[in-house]
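Please read the structure below before turning to the comments.
Derivation of every value follows stated rules applied to the coordinates shown; laboratory data play no part. Given the structure is predicted, the values throughout are model-derived calculations rather than measurements. Reconstructed Cβ throughout: ideal geometry from the backbone, glycine too, with neighbour counts over all protein chains shown.
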Amino acid sequence: MKENKPIDSQKQLLQKYLDGQCTPEEHRLLLNWFYSIEDDQSQETSDTERIQSLGRSKSIVMDQLDVTSDSNPVRKMFDWKRFSVAAAVIVLVSIATLYFVKNNIQLKEVHLAAQIPDSTGTYKNDILPGSSYAYLSYKGKKSEIKDHQLNKSNVPHSSNYFIEVPNSGTYKLELEDGTLVWLNSSSTLDYPDAFGVKERRVKLTGEAYFEVKKDKNRPFRIEVEGSTVEVLGTSFNINAYADQVNTTLVEGKVKILKGNHEHELLPGEEALIKGDEIKIQQTDVSKHIAWQRGEFYFDGNNLQDILSQIARWYDVEIINAEALTLNSSYKGSLSRELKLSEILNSLAYVTKKKFEIDGRKVIIK
């Protein structure tokens, strides 16, 4: 019976996809699973034809998953055929999975920026986007969390929690007071199980978007790189990746504290903190919170920032970035759900440069 569980689970996921009921996370998991099925040429087996058949089956499945509906009314005539193909897909995947299980070949569940073959032949390999993923530490223990939101019923009580989001990850959590926090890649948050009666305080490194629950009796304070951001109830983004802290206010009011300096932000403003200096200026809010919307946002002046975002999201090293003219006139956005090759194709068009993917290195020529 145990042997059938992987098959049943994957068949159910496929059926949800075919019924149009997959969540974005389930859709990503499904694609990651298919990309993880590779012909293992080093596997010691005399049945090489079955391995080749598995590879062909995978290609057929991928072709079916790439099918998108259109508005052409003629397509209704082929619904019966699509249903037949769907049934064939499930059978193919079941056979492939059963083969792997029987031969003790582990199907790898890919979570973060998996390396995959490049289907176009343009690059040495391709890389999938990141996903919801983090590590939670409490009472000296560390565990993986893959949901979009922590389920406190599954986490033992602890006075303090430390959540770490690695490269290629992002994570949403709800704090005890109802405050929502979206953590970007390569970020951490230190927070208590329950806030005190006088204040709500957390510590941040990296980048996060906050929607703070209003509580006039308990200000919400975020410690970040030696400065403090204080709010009562508002939405804002904090970026502290580089040698400065950038706080961008979406709505409400934020107070910035650094040493003996104190400034208030209004919606549409950002505070740049470097050393002991605080600089307040107008900004394009949509640029700063694009990552939280699932986008890379180009405003014509932030190509260097985009490269840094790409490096974190796909967990790659950018080689020879200086070959680019980092100030570009290009404006627009690209989805963070794209494969790395699709992002680089767009950058190549804009910059007129050649990009190569070699393992986890992106080389610009």
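The figures follow:
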| quantity | calculated |
| --- | --- |
| Given charges at beta-carbon only (K, R positive; D, E negative), |dipole| of the range 196-283 in Debye | 480 debye |
| Test item: Cα-centred dipole of the range 255-325, Lys/Arg +1 and Asp/Glu -1 on Cβ, debye | 120 debye |
| Flagged links, alpha-carbon separation over 23 Å, of LYS124/LYS146; LYS255/LYS279; LYS331/LYS361; LYS213/LYS274 | LYS124/LYS146; LYS331/LYS361; LYS213/LYS274 |
| Amide H within-cut-off set for ALA114, under 5 Å, with H built and near neighbours excluded | LEU128 |
| Radius, Kirkwood style, for the range 243-365 when every pair of distinct Cα atoms is counted (Å) | 16.1 Å |
| Under 5 Å, built H, 5+ apart or other chain: amide partners of SER333 | PHE298 |
| For the range 351-356, Karplus couplings with θ = phi - 60° (6.51, -1.76, 1.60), whole Hz, Gly/Pro x | 8, 6, 10, 9, 10, 10 |
| Under 5 Å, built H, 5+ apart or other chain: amide partners of THR179 | LYS213 |
| Electrostatic dipole magnitude of the range 285-365 [Cβ: Lys, Arg +1; Asp, Glu -1; Cα centre; debye, to 20] | 140 debye |
